[in-house]
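Here is the structure we will look at, set down as structure tokens.
Derivation of every value follows stated rules applied to the coordinates shown; laboratory data play no part. Small disclaimer: the values here were computed from a predicted structure and weren't measured. Don't worry about glycine lacking a Cβ; one is built from the backbone with ideal geometry, like all the others, and counts go over all protein chains shown.
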Amino acid sequence: MGQDPRPLVTALAAVALATAAGLIIFRRLDLADVAMLYVLCITAVATRTGRGPALLASVLSVAALDFFFIPPRFTFAVQDIRHVGTFAVMLGVGWVVATLAERIRTQTRLALERERHTDALYRLGATLAEGGAAEAIQARVEAYLREALGVPVLVLLPDRQGRLAPRTAGGRSLEGDELGVAQWALDRATPAGRGTRHLPGSRGLFLPMVGAETPVGVLALFHDFTLQPDLPSGLRPNDLWGFQVHGDPGAPAPLGGEPPERGDEQTVPPFRPGAAEARLDLPLALAAQLSLALERARLADERAEARLRAEQEQLRSTLLSSVSHDLRTPLGTITGATTALLDPGPEAAPGDQRMLLLTIHQESCRLERLVNNLLELTRLESGAIRVKKEWVPLEEVVGAAVGRMEEQLEDRSLTLRLGDAWVPLDPVLMEQVLLNLLDNALKFSPPGSPIELEAGVRGQQAWLSVIDHGPGFAAGEEEAVFEKLHRGARSASVAGAGLGLAICRGIIQAHGGTIQAVSRPQGGGRIILTLPIEGVPPELPADGLS
Amino acid sequence: MAFPELPAMTQDHPLVLVVEDEAPLRRYLRATLQAFGFRVEEAATGAEGRNQLVRLNPDVVLLDLGLPDGDGLDLAREIRGWSRVPILVVSARGKEEDKIQALDLGADDYLTKPFGSGELVARIRVALRHAAEVAGSAIEPVLEIGPLRMDFASREVSLAGAPVHLSPNEYGLLAVLVRHAGKVLTHRQLLHEVWGDAAGAQPTYLRVYMASLRRKLEADPARPRLLITEPGVGYRLKA
């Protein structure tokens, strides 16, 4: 120690000050008072700096007292032998005060450290309490630990085969040999890397996080606590988890650090509380807490996955039964109609043939719609559909969809009320939504009844609604109509596997919008969707003479 | 690039080469096309199609993009390397990327399965007419499409006899659409034709001028009869 000269300068300055003050008061007061002044100076130095400067201040004080005040003054000679006793007392006081002050300072520092650790653990707990999947915890915890420990930290999670994958986060990446060391630490549930007995040549320190049964991950720290020069004394080499710590073997500061909850008795030497582990037990305790949370998250993931699988299984069978019904009905009609065409009875009327052909055509279109919807939904659910937003005038996207429906809309009056607005949306997917909404309105309203389509912009949202004059939605059904395979009371007589609105909702949600079904007080159903308007439309070129 | 002379077309009975792997669909196409006075030859694979094309020199090719032996797009690209024969691409729904790619490669139009016979025949006729125009290099100074009349010499446009005033960009866009009436043009093709390769030109420009054209030419811009949007692909002037 002692590279920093400031404490020694402080000691010198304090003694000089005390001497100056002593010279002033010496005319009027006693020699004992001057001695007290020096004791005060020693105490001050001891509390402000370390033990070394305090002891230096004691010696200097004795020397200064002797030189300036003890007769014969301005020599180091001592006339009265009793003054030697004063010197001894001053030195003794200096020693005791310095030792006590040093101890208080150490305890304060450790207490502060401990408070910081408790706070860190508490806040980690709060971070973990937010829950979520292991990956979400991972990112949150990394960010938190990076801040709390002030060093690059990576939380590494193994895959199902127990392998760690390269990871980059917070500007630090882990791959190659370093990843191998992390894997080693995970496989053996033993700390490894820098500052440990195992593979100390690596740059990172890898602390395995072990759950109730299996290792759940590795905490990688890129720094070295152990090489810090101002480590508090009290740790013996190899004392702790095999960390190589060099410090003063004397003066233990037993502040009762609890050993970490996890440990591997065979490979790890027993944990002995000391001052130094205050630095190390923070990452260790964090790793322990983290391992429990990660294991919890993993178990929750597994449970959720199992539940999802069961739900998907259930859905698949529902879908299958519903779809097979919807596939069979038109197929049956088509087959029947074609056999009638191929083998007309003797009494067949001339108009029958055309009627049968029309039936076949209609049923085929129905089949096509169903298959398209199924494909669309599958693509939506598998995430194969990516929304490519472009700025499009409402008029154009509505116009394209209405144009495609002209044939079906023939006997209906369709009223369009469109604001002059541009909206960022995926034109292909949005056409899909509008086709489904119009198809739905046609299906659930009596033949010949009017249909209305309105759209506009309100604030940062575009809205669009399709209104039919059918029976509307049954109470309580407004939310359920968007569920896949939902078949409302009103759909009993209508074909369709209840996919159209589910597709609409999927697409609208992928756009960041909302979709709602409402029954209008004056009768009829209304589906309203909103789309967020973010950003500004691109600038347009001036339409000058080109 | 020098293209071989187009065959002297049998005006009454143009030859359609159908490259399609599904036999039932081939059968339907043959029946329909023959009923409308076309001659039909079939190929079930891309390789077979390539051979037939060289051997028969058809007037129009109906090409399915989903062929068993490789990509229909590759065949389209290959054909465009040495022939100007009109290509009509047939593809499944939701494959906008493929359609755009085929059109940008030089395919003349596309049909989305399933398609009706009316639509099929109309598209083939448009393609044949364009091929004949290109072969004759006779760019008509005046074109009339329904109520729309466009005089390229005087740059005048009228709708049902009434003159319509268009900005330069609107005129440019409409001119391209009218010259390719009935045919779908991708965003890229339109941008290239109207703005050249000006940096920054994007589909938004098209949408802006398309909207103002509709306002000037359509009775109800939200239900266009003339300027049709092909979502995700481009625009078409209905012939």
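Centroid-to-centroid, using Cα positions, segment A:136-214 and segment A:49-113 are 51 Å apart.
Which of A:Val433, A:Val518 comes first, and how do the rest follow, when ranked by fewest Cβ neighbours within 10 Å?
Ordered by Cβ neighbours within 10 Å, fewest first: A:Val518, A:Val433.
Given a cut-off of 38 Å, what percent of all Cα-Cα pairs of the protein assembly as shown lie beyond it?
Values: 195227 of 307720 pairs.
More than 38 Å apart: 63 percent of the Cα pairs in the protein assembly as shown.
In terms of its Cα atoms, segment A:386-532 spans 39, 30, 27 Å along the principal axes, sorted from long to short. Between A:Thr47 and B:Val134, the simple label model (points 7 Å from Cα in the Cβ direction) yields a spacing of 9.7 nm. Database remark: amide H of B:Glu230 closer than 5 angstrom to the amide H of B:Tyr235, B:Arg236 (H placed geometrically; neighbours at sequence offset of 5 or more, or on other chains; Pro and chain starts carry no H). Contact order, relative form, for segment A:320-375: 49 percent (alpha carbon pairs under 8 Å, 6 or more residues apart, mean separation divided by residue count).
Restricting segment A:111-143 to GluC sites (Glu not before Pro) that sit in a DSSP loop and have at most 10 other Cβ atoms within 10 Å of their own Cβ leaves A:Glu130.
Sparse packing (at most 14 other Cβ atoms within 10 Å of the Cβ) combined with a DSSP loop state is found for the following trypsin sites (Lys or Arg not before Pro) in segment A:55-141: A:Arg73.
Size descriptors for segment B:15-136 (Cα atoms only): Rg and Dmax, in that order, 12.9, 37 Å. Placing +1 on each Lys and Arg Cβ and -1 on each Asp and Glu Cβ, with no other charges, gives segment B:15-136 a dipole about its Cα centre of roughly 420 debye.
A Cβ-based charge dipole, computed about the Cα centre of segment A:386-532 with Lys and Arg at +1 and Asp and Glu at -1, lands at about 420 debye.
Residue exposure proxy: A:Thr118, A:Thr359, ordered by other Cβ atoms within 10 angstrom of their Cβ from fewest to most, comes out as A:Thr118, A:Thr359. Taking amide H atoms as placed 1.01 Å from N in the peptide plane, the amide H of B:Lys113 lies under 5 Å from those of B:Ser91, B:Ala92, B:Arg93, each 5 or more residues away in sequence or on another chain.
Not counting the cut sites, what is the longest span of chain B without GluC sites (Glu not before Pro) that DSSP labels loop and that have at most 15 other Cβ atoms within 10 Å? Result for the longest clean stretch: B:23-239.
For a quick check: sort A:Val371, A:Val397 by the number of other beta carbons within 10 angstrom, fewest at the front.
Values: A:Val371 14, A:Val397 26.
Ordered from fewest to most neighbouring Cβ atoms within 10 Å, A:Val371, A:Val397 come out as A:Val371, A:Val397.
Quick one: plug the Kirkwood hydrodynamic radius of segment A:5-74 (C-alpha pairs) into Stokes-Einstein at 20 °C, 1.002 mPa s, and report D in µm²/s. Before the final figure, lay out the partial values.
On the way: Rh = 11.8 Å.
Answer from the Stokes-Einstein relation: 181 µm²/s.
What FRET efficiency, computed as 1/(1 + (r/R0)^6) with R0 = 25 Å and r the Cβ-Cβ distance, is obtained for B:Glu78 and B:Phe115, rounded to the nearest 0.05? After rounding, the FRET efficiency stands at 0.50.
The trypsin sites (Lys or Arg not before Pro) found in segment B:116-192 that occupy coil by DSSP, while having at most 14 further C-beta atoms within 10 Å, are B:Arg155.
Answer rounded, prolate or oblate for segment A:331-437, using the Cα gyration tensor with square roots of eigenvalues a ≥ b ≥ c: rounded when a/c is under 1.5, else prolate when a/b is larger than b/c, else oblate. Walk me through the intermediate numbers first.
Numbers: a/c = 5.50, a/b = 1.95, b/c = 2.81.
Here segment A:331-437 falls in the oblate category.
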